[in-house]
Amino acid sequence: MIIDITVELSPRMVRWEGDAPPVIRQVLQLSKGAPYNLSEMKMSVHQGTHLDAPHHFLEDGAFIEDFPLDLLIGEAQVVQIPKDAASITAEVLKAAGIQPGIKRVLFKTRNSRYWKTDPHVFHDDFISLSLDGADYLIGKGIELVGIDYLSISPAEDFKPVHARLMENQIAIIETLDLSEAEEGFYKLICLPMKLKSVEGAPVRAVLLRD
C-alpha cells in the first residue's frame, strides 16, 4: 500500500495570509502554434509539502543538501494526537505511545481534516508543537518530525520551536496530508528537490506499508 502524503501544488493551495500564491503558467502551447507545451512556476520553497533545513532559522545552520537521504527514508511512526489537544506538549507526547527507538515521527492531528473539508482555506487555529514538546522529542532521540499543517510552530511565534529542533539537527517536514494515514508504522520516503545552499525545499512524501 502506498499513501501519498504530499499536498497538491496549485495557485489555489492554502498558504500563509499575505503570501503570494504559487504561479504556474504555460509559456508555450501547441494549440497556439508552438512546437511543444512548456510551463514554468514561481513559488516559495516553503509552500506545499516541504522540508525545512536549519538555515531557515539559524544563520550558520545546515542547508537542504546537508541532510543525508537515509534520514529521509526509513521507518516512521504516524502518531495520532487527541482531537481535544490544544497543542502537542510534552504531557501529550508522554501519552501518545511513541515507540522507543523510533527516529521519525509524523503527527496526525485534527489539522488533517482541513485537507478534506477546506483545503484552500487558511486556519490560524491549527495544532502545533510546543517548546516543551520539542524538548521531549529531543530527549527521545527523534531525528525527523512531520506535521499535518503549514508549520510545526505556533503561528504567533515561529522561532523558538523551529530553532530548538534545528539546533539539534532534527529535520522538519511541514504541510503533510495525513488524512488517509492511520496511526502506526510505515516506511517513509521523503525526497526534497536537490537545491543548492537553500534553507528549504518542496518534497514528494509517501508512506509504504505491506
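The values are calculated or read from the model by the stated rules, or taken from the named source; none is laboratory data. Note that this is a predicted model, so its numbers are computed, not measured. Virtual Cβ from ideal backbone geometry, glycine too; neighbours counted across all protein chains shown.
Can you tell me how many residues within region 93-102 are surrounded by 15 or more Cβ atoms within 10 Å (Cβ to Cβ) and either basic (Lys, Arg) or out of contact with any Gly (no Cβ under 7 Å at 6 or more places or on another chain) (or both)? Talk me through it step by step, then tell me what you get.
Going through region 93-102, the residues surrounded by 15 or more Cβ atoms within 10 Å (Cβ to Cβ) turn out to be 93, 96, 98, 102.
Going one step further and asking which of them are either basic (Lys, Arg) or out of contact with any Gly (no Cβ under 7 Å at 6 or more places or on another chain) (or both), we end up with 96, 98, 102.
Of the residues in that region, 3 qualify.
Of the residues Lys32, Lys83, which is of a type in the set (Lys, Arg) and closer than 23 Å to Tyr149 by Cα?
Values: Lys32 fails: closer than 23 Å to Tyr149 by Cα.
Matching residue, one of Lys32, Lys83: Lys83.
Listed here are the residues, each with its yes/no results for (1) free of Cβ contacts under 8 Å to residues at least 40 places away in the same chain; (2) more than 23 Å from Met166 (Cα to Cα); (3) in contact with a Cys (Cβ under 9 Å, 6 or more places away or on another chain).
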{"position": "Val105", "(1), (2), (3)": "no, no, no"}
{"position": "Thr109", "(1), (2), (3)": "no, no, no"}
{"position": "Trp115", "(1), (2), (3)": "no, yes, no"}
{"position": "Phe122", "(1), (2), (3)": "no, yes, no"}
{"position": "Ser128", "(1), (2), (3)": "no, no, no"}
{"position": "Leu131", "(1), (2), (3)": "yes, no, no"}
{"position": "Asp135", "(1), (2), (3)": "no, no, no"}
{"position": "Leu144", "(1), (2), (3)": "no, no, yes"}
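Residues checked against (1) of a type in the set (S, T, N, Q); (2) modelled with pLDDT of 95 or more; (3) in contact with a Gly (Cβ under 6 Å, 6 or more places away or on another chain); (4) surrounded by 15 or more Cβ atoms within 10 Å (Cβ to Cβ):
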position	(1), (2), (3), (4)
Leu69	no, yes, no, no
Leu72	no, yes, no, yes
Ser87	yes, yes, no, yes
Asp132	no, yes, no, yes
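Scan region 64-115 residue by residue and report those that are under 16 Å from Lys140 (Cβ atoms), of a type in the set (Gly, Ala, Ser) and part of a loop (DSSP other than H, G, I, E, B).
Ala95, Ala96, Gly97, Gly101
Look through region 45-62, keep the residues that are in a loop (DSSP other than H, G, I, E, B), in contact (Cβ under 8 Å) with a residue 40 or more places away in the chain and out of contact with any Pro (no Cβ under 8 Å at 6 or more places or on another chain), and return whichever of them is farthest from Pro21 (Cα to Cα). Spell out how you get there, then give the answer.
If we filter region 45-62 for residues that are in a loop (DSSP other than H, G, I, E, B), which is where we start, we get 45-49, 53, 57-62.
Now drop any that are not in contact (Cβ under 8 Å) with a residue 40 or more places away in the chain, which leaves 45-49, 53, 57-58, 61-62.
Still in the list and also out of contact with any Pro (no Cβ under 8 Å at 6 or more places or on another chain): 46, 53, 57-58.
Values: His46: 11, Ala53: 22, Phe57: 22, Leu58: 26 Å.
Per the criteria, the residue is Leu58.
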